[in-house]
Structures are given as C-alpha cells and as structure tokens.
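Notes follow once the structure below has been shown.
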Amino acid sequence: MKNVLIVGSGGREHTLAWKLNQSSRVGQIYVIPGNAGTAEIAENIDIDILDFAKMADFAENNNIYMTFIGPEKPLVYGIVDYFKKRRLNVFGPNQEAAKLEGSKVYAKHIMEECGIPTARFSVFTEVKNANKYVENCNFPTVIKAEGLAAGKGVIIVNNKKEAKAAIKKIMENRYFGEAGRRVVIEEYLNGEEATIMVFADGQTYYPMVSAQDHKQVGEGDTGPNTGGMGAYAPTPLVTDEIKNKVDKNILNPLFDYLKKNNLDFKGVLFLGLMIKNGEPKVLEFNVRFGDPEAQVVLPLLENDLLQVAEKINQNKLKEVTLRWKSSKAMAVILASGGYPIEYEKGKTIKGLDEFNNSDNLFVIQAGTKVKGDSIITDGGRVLALVALGDSYQSIYDRCYDNIGKIYFADAYYRKDIGHRLKGVNLLKNE
Ligand SMILES: Nc1ncnc2c1ncn2[C@@H]1O[C@H](COP(=O)(O)OP(=O)(O)O)[C@@H](O)[C@H]1O
Ligand SMILES: [Mg+2]
C-alpha cells in the first residue's frame, strides 16, 4: 500500500482525497493542512503550504509515495522542482511550466506565438501608457493583473473612468501586490464559458470531460465573482465539434510548442474557454484542477487516479485509457452569508450525517474545521453537495431536494446552478 500526501485545504483537495481513497493501492492519506472533510478519510497535518522544506521533511519521514499539489501558489513558487531536488515523487508541473498560470503575460505571448484563439491584448508596464491606451479603446474591456490574485485580479470596465481606476488599483496601489507589476488589457469576449481540464505527461495529453462553473455570487450570474458557486459536468456546450476544435486549434499547437521549447508539462492543464458561434477561445490557462470543477469531473472518472498520476510521472500516459461514467454530475456550493465580501466563520454545521453512504449524493467539504464534537464553518465557501445521475434534471433535483438538509446560520447557496442548461432545453423552465 502507498501513502499519499495532498497539499491544500479546499473542496478540490477533499475531492482528491475522496478519489484517492477509492484506490485499492492507496494506504494512508495525509492532507496539508486539510479541512474537517479530509479529516474523516485522511490525517490532516498543520504545515504552511509554502514551507516546502517542512513539507518535504514530512514526506520523507512518512514514507510518502506521491504528493499531489492542489492550489496554484505552491506550483507557481516551485514546489515541484524543490520536491524533485529532494528526490520525492510529486504530481504537478514544474515552476517553468506553471508560468502558464503564474503570468498572464507569458500565457498570452505563448498563445500569440502558437496562433491559439484568444482575446486580442496589449501589455503595459507603465501606468501612463495603460491610461493612454484606454483613452481610445472599445468598451467594455478587460483589465488583468499579470500574476496570481486569488481569482480577483480581473476587472471588467465599461468606460475610461472605470478603466483608469482599475489600472490605478492594480498598478499604482498594488492591490494585488507584485501580481500588478504589469497589466494585460484585452478585448471583451461574449459567449458561454466552459472548462476543459487535460491530463498531460509532456508527450501525450488527454482531455477530461468538460464542465461549467458559476463564478458570480448571485442568481442569473449577477454580483461579484467568487471562487465558484457551483458546477456541472459534462456541459452540452462543449459539443464534439468544439472538442475537435479545442484539440486542433488549442491543445495540439500548445503541446507542440511546449515540447519544442523543452517545457515539460506534467500534471493537469486547465483551459478556461469562451465559446461563441461554435468557436472556442482561451480566456486563461491554469496548471491544476479547477475548484469546483474537480468536484464534478473526478467523480465521473473511473480510472484509479494514483495510476494515472504514476503514468504521467513516468512519461507513460499513452499506456492509459481514460474511462468515464456516462452519468452527469452537479455540485452546489453552500457558502457563508455575505461571501465573497464579508462573512463570519465559526458557525456549527448540522445535517452532514444524512449524506454518509451514497455514491450518487455526497458532501465535499471546503471551509470547515473540527471543533470538539462539531464541524464548524471556517471559510467563505463552506462545502459542496455533489449529485450524480443519468440526466441533468436528475442531478439538479437531487442537489436541490437535499441541500436544505444541511444547515448553519446564514448559509447561502445559488438556486440556479445549471441554469444555462435551460437554453439547451435540458432543464425545465420554471
Ligand atoms: N476577455 C474576456 N472577455 C470577457 N470576460 C472575460 C475575459 N477575460 C476574463 N473574463 C471573465 O473574468 C473571469 C476571470 O478571468 P480569468 O482570465 O479566468 O482570470 P482568473 O481566473 O485568474 O481571475 C473569467 O472567468 C471571465 O468570466
Ligand atoms: Mg479563471
């Protein structure tokens, strides 16, 4: 049996633990730092996820066979290179490859060089040049901090005044720190967003089933962006025709380029797509599983995740055939009232026991922690209720018939996850 370590504390990491726990070859699972959900199937270890030396010491001392990195920050800061230097087996891209997420400027330049369809863009290092540019650009336009900003560094602006305020916030006030050293100002794209995540070993790449996230806090996609209020998979927006275009126009040129330039991408590449009139364009790359996309895509994967990761690290992904359940999956996030602006923590969560032993309805925890005999809230996104079923209607009903059974003070959830399915006539119109 193999011991594994997962780095991170959110819903994505609980899903990774849940999935790895189903492997007949996985022994003890450890999570740094984990949450109350991971504590039920793994041992949580309290180490800072940016303290690479301490985590590597832990992996050495606990006979860890492989470490899975959940969040972007340790990847972009080079955890994979550090673990490899210490001769530890780790799943994820190295620091150079992680720049695809760590620098939006870098990602845009690669897309340009490969001819990958994406929004037209300009890069600015000086406030005055950025300000000059927005004097004459079309609106709305999109202003992005170059670096990691926890999903908050993108500002959509409707006029010159808003644009200058955004430039000031990012570049002058350094609201997102060093991430705002440069900005990308890009063309606003209309359309429908979808996610495709890809397993890659540097030679072979295999797309997973598609998904659609719901980023905004309010129903009908209104209000500020969050980490994601729910998701479903696969999405009918990503038709076979679109899959072929993604392969031909995006993945093929990208992985060709990476190979030619000795950028060995191992792990999970996430494509954020905007689809309009049957044409997919890349909004961004991430270099790890999405959250909440992981919560709906991993439950549909039939393969042993440990084996897929092993084959990737051995450059043998081509020996794997990915197998997917024919089911559909939906996750509805239960969040703390007031999130993402201002919210309280420490509320006791009740009703979790209802969801213990079901394959088609289960809870993935995120911002939770154990306090005495209770589980309390410890973040904005608290947990996800995940349903699997044969039809979109069945997963929607299963989520919404049951989410009310989980309770904590000021709990909030969107009542319309999957609402875009109505456009394709898969969910009843109310
Ligand atoms: N060019 C664009 N046109 C329209 N909307 C965009 C554009 N770029 C980003 N967005 C919106 O902003 C969100 C966040 O942008 P993204 O590039 O994914 O950055 P991050 O996830 O790092 O915040 C996207 O999910 C999308 O809704
Ligand atoms: Mg994004």
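The values are calculated or read from the model by the stated rules, or taken from the named source; none is laboratory data. Since we're looking at a predicted model, the values are computed, not measured. Cβ sites come from the backbone with ideal geometry, for glycine too, and all protein chains shown count toward neighbours.
Filter the stretch 153-204 down to residues that are in contact with a strand residue (DSSP E or B) (Cβ under 9 Å, 6 or more places away or on another chain) and among the polar types (S, T, N, Q) and give me whichever is farthest from ligand 2 (Cβ to nearest atom).
ASN158
If the requirement is being of a type in the set (Phe, Trp, Tyr) and either modelled with pLDDT under 95 or under 18 Å from LEU258 (Cβ atoms) (or both), which of these qualifies: TYR106, TYR133, TYR175?
Every option except TYR106 fails the conditions.
If you check ILE155, ILE110, ILE116, ILE143, which single one turns out to be part of a loop (DSSP other than H, G, I, E, B) and either buried (at least 18 other Cβ atoms within 10 Å of the Cβ) or of a type in the set (D, E, K, R) (or both)?
Being part of a loop (DSSP other than H, G, I, E, B) and either buried (at least 18 other Cβ atoms within 10 Å of the Cβ) or of a type in the set (D, E, K, R) (or both) holds for just one of ILE155, ILE110, ILE116, ILE143, which is ILE116.
Looking at the stretch 252-276, which of its residues are within 16 Å of ligand 1 (Cβ to nearest atom) and either without any contact (Cβ under 8 Å) to a residue 60 or more places away in the chain or of a type in the set (Val, Ile, Thr) (or both)?
The answer is VAL268, ILE275.
Quick one: would you say LEU20 is over 21 Å from ILE375 (Cβ atoms), buried (at least 16 other Cβ atoms within 10 Å of the Cβ) and either in contact with a strand residue (DSSP E or B) (Cβ under 7 Å, 6 or more places away or on another chain) or assigned by TED's automatic domain parsing to the domain that holds VAL308 (or both)?
The answer is yes for LEU20.
Looking for something in contact with an Asp or Glu (Cβ under 9 Å, 6 or more places away or on another chain), of a type outside the set (S, T, N, Q) and not in a loop (DSSP other than H, G, I, E, B) - is there at least one such residue anywhere in the stretch 186-193?
yes
May I ask you to verify whether ASP378 is touching a residue at least 60 places away in the same chain (Cβ under 8 Å) and not assigned by TED's automatic domain parsing to the domain that holds GLY37?
In short, yes.
Here's a check for you: in the stretch 194-218, which residue that is in a strand (DSSP E or B) and free of Cβ contacts under 8 Å to residues at least 60 places away in the same chain is farthest from PRO117 (Cα to Cα)?
Per the criteria, the residue is GLN216.
Quick check on my filter: what residues within the stretch 275-294 are away from ligand 2 (no atom under 16 Å from the Cβ) and either surrounded by 23 or more Cβ atoms within 10 Å (Cβ to Cβ) or on the phi > 0 side of the Ramachandran plot (or both)?
Scanning the stretch 275-294 gives ASN277, GLY278.
Can VAL127 be described as away from ligand 2 (no atom under 15 Å from the Cβ) and touching a helix residue (DSSP H, G or I) at 6+ places or on another chain (Cβ under 7 Å)?
Judged against the criteria, VAL127 is a match.
From GLU72, GLU40, which residue is farther than 24 Å from LEU100 by Cβ and not hydroxyl-bearing (Ser, Thr, Tyr)?
Unique residue meeting the criteria: GLU40.
Report the residue count in the stretch 277-295 for those that are near ligand 1 (Cβ under 9 Å from one of its atoms) and among the charged types (D, E, K, R).
2
Answer with yes or no whether GLY230 is farther than 17 Å from GLU284 by Cβ, of a type in the set (Gly, Ala, Ser), within 16 Å of ligand 2 (Cβ to nearest atom) and touching a residue at least 12 places away in the same chain (Cβ under 8 Å).
yes
Those residues that are assigned to a loop (DSSP other than H, G, I, E, B) and either under 18 Å from ILE333 (Cα atoms) or in contact with a helix residue (DSSP H, G or I) (Cβ under 7 Å, 6 or more places away or on another chain) (or both), I need them from the stretch 1-17; list them, please.
Those that are assigned to a loop (DSSP other than H, G, I, E, B) and either under 18 Å from ILE333 (Cα atoms) or in contact with a helix residue (DSSP H, G or I) (Cβ under 7 Å, 6 or more places away or on another chain) (or both): SER9, GLY10.
Specify the residue that is farthest from LEU237 (Cα to Cα); the eligible residues are those in the stretch 158-188 that are near ligand 1 (Cβ under 10 Å from one of its atoms) and surrounded by fewer than 17 Cβ atoms within 10 Å (Cβ to Cβ).
Checking each candidate, the answer is GLU187.
Test each condition in (1) of a type outside the set (Lys, Arg); (2) under 17 Å from SER103 (Cα atoms); (3) out of contact with any helix residue (DSSP H, G or I) (no Cβ under 6 Å at 6 or more places or on another chain) for ALA145 and report the one that comes out false.
(3)
Please verify whether the stretch 377-384 includes one or more residues that are farther than 19 Å from GLY11 by Cα, out of contact with any Asp or Glu (no Cβ under 8 Å at 6 or more places or on another chain) and charged (D, E, K, R).
No.
Of the conditions (1) more than 10 Å from ligand 1 (Cβ to nearest atom); (2) under 19 Å from the mean Cα position of the chain (by Cα); (3) not assigned by TED's automatic domain parsing to the domain that holds TYR257, GLN212 satisfies every one except a single condition; which number is it?
(3)
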